[in-house]
Each structure stands twice: as structure tokens, then as C-alpha cells.
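Working notes, beginning with the structure itself.
The numbers here are math on the coordinates, done by the rules we state, and not lab data. Worth saying up front: this structure is predicted, and the values here are computed from it rather than measured. Glycine also receives a Cβ, built like all others from the backbone with ideal geometry; neighbour counts cover every protein chain displayed.
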Amino acid sequence: MYFFVGPLYIILSFLVGALLIALSLQLIDILAVYNYLKAIAATNLTFGSPRTALFLSGIAVILFALLYIQMSLRRNRHDRSIRFESSQGTVSITLDAIEDMLKKMLEDRPELSRVRPRVALRKNGISIVVRGVLNAEVNLVEFTQTIQNKINERINTFLGSDKEVRINLEIRKVAIGQKTNGKLEEEPEIPFRRYD
């Protein structure tokens with residue numbers, strides 16, 4: 001049904017937009033449209049009359065718009081959660097909850113800061129993109145493999161091993177501080193950054 005409603009709504013939007021542009025550029029005579037609509041309004045509201053056709057077309061456009069909005073909202077809610085069926089009922093876990101879990105797990109590591117995980121559902125499983133700032137000199141290959149393994153273990157423990165997990169790491173910046181009095185110079189923290 002969504003494949004039918006979406007294109008129809010787009011076509012109707014283009015037609016209304018083209019009509020408004022044509023009226024503003026005077027490609028269509030407003031007076032002629034007004035007289036035509038006035039003639040239609042003067043007819044009786046009987047089956048098969050132009051007035052009835054306009055009425056039914058208006059109702060159909062409104063219904064399709066409402067259906068399109070409802071389906072879009074339902075798809076957005078469905079795309080942002082993972083559902084499990086059990087004999088007792090349905091369990092739904094939002095992707096935001098998984099992102100928060102990964103953020104807390106990765107912020108405990110001193111090598112990383114400003115961690116921003118993004119979780120998305122794909123046809124073949126779960127896709128995770130983790131963006132962050134590297135704070136220490138490490139072997140990047142070993143470090144990223146360790147992080148990917150830890151995330152994979154946590155997701156498999158949390159959601160089960162039947163989901164294929166694809167993990168991409170993006171190091172946005174290398175912020176290795178200069179040593180001052182035996183301590184690493186840290187960048188100032190953004191106030192309230194840990195509060196969502």
C-alpha cells in the first residue's frame with residue numbers, strides 16, 4: 001500500500017505546485033478558473049455531476065495525505081527499534097537505548113573521547129558507526145579490532161548472536177596532548193555533554 005500512496009502523494013503535490021506557479025505567472029487565467037468553479041458550484045450535488053467529482057476528489061486527496069503521514073510515522077518508529085517475539089508477548093528495544101549503552105561502554109576507555117555511536121537497521125543485520133576522538137598513541141589496527149570485538153560481544157550478549165553486526169569506526173581527530181608535569185594536557189570538556 002505504501003508503494004501506491006507515496007508516489008500518488010508526490011504526484012498530487014507536484015500538480016498543486018505546478019498549478020500555483022502557472023497561476024502566479026498568469027499562464028492560467030484566474031478569472032476563467034473562477035468562472036468554471038462557480039459554474040460547477042451552481043450545479044446540483046447529484047451522482048455524476050462535476051460538483052460531486054470535485055467533492056470526492058478532495059476527500060480522496062485528504063485521505064491519501066493522512067494515510068501517507070500515518071505510514072511514514074509508523075515506518076520511522078519501526079526503523080528505530082528492534083522487536084523480538086516471545087510466547088509471552090513482544091519486546092521492543094529502541095536503537096537509542098543501544099546507542100546509549102555503546103556510548104557508556106566506550107567512554108570508559110581512556111583512549112577515546114567524544115564518542116558518538118549511530119545504530120541503524122539493515123536488511124542483513126545491524127550497522128554501527130562509531131565516531132570519536134583518539135586521545136592516546138596506540139597501534140590503530142589492534143585498537144580498532146579490540147573495539148570492534150568488544151562492541152560485537154556486547155551486541156551479541158544484548159540481542160543474541162543471530163543478528164549480523166557490521167561495525168565501522170571513524171577517528172575524527174587525534175588529540176594526543178602534550179605532557180606537562182607528567183600529565184597529559186586535556187582539551188576542555190563541553191559543559192553538560194554527557195546529559196541528553
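Table for the structure above
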{"read-out": "Neighbour-count ranking [beta-carbon atoms within 10 angstrom, fewest first] of Asp100, Asp162", "value": "Asp162, Asp100"}
{"read-out": "Set of lysines near Lys173 by C-alpha distance (under 22 Å), chain-local residues within fewer than 8 positions excluded", "value": "Lys103, Lys104, Lys150, Lys183"}
{"read-out": "Hull shadow area, averaged, the stretch 18-153 [alpha-carbon convex hull, nm²]", "value": "17.5"}
{"read-out": "Length-normalised contact order of the stretch 94-184 in % [C-alpha pairs under 8 Å, at least 6 apart]", "value": "28"}
{"read-out": "Amide H partners (placed H, <5 Å) of Leu112, local residues excluded", "value": "Asn135"}
{"read-out": "Options Val165, Gln145, Ser127, ranked by Cα towards positive dipole end of the stretch 94-184, top entry (Cβ charges)", "value": "Ser127"}
{"read-out": "Total charge dipole magnitude, the stretch 94-184, about the Cα centre, Cβ charges on Lys, Arg, Asp, Glu only, Debye to nearest 20", "value": "300"}
{"read-out": "Radius of gyration and maximum dimension Dmax of the stretch 94-184, Cα, Å", "value": "14.3, 52"}
{"read-out": "Extension reserve of the Ile40-Ile93 stretch, reckoned as 0.36 nm per residue once the Cα distance is removed", "value": "13.7 nm"}
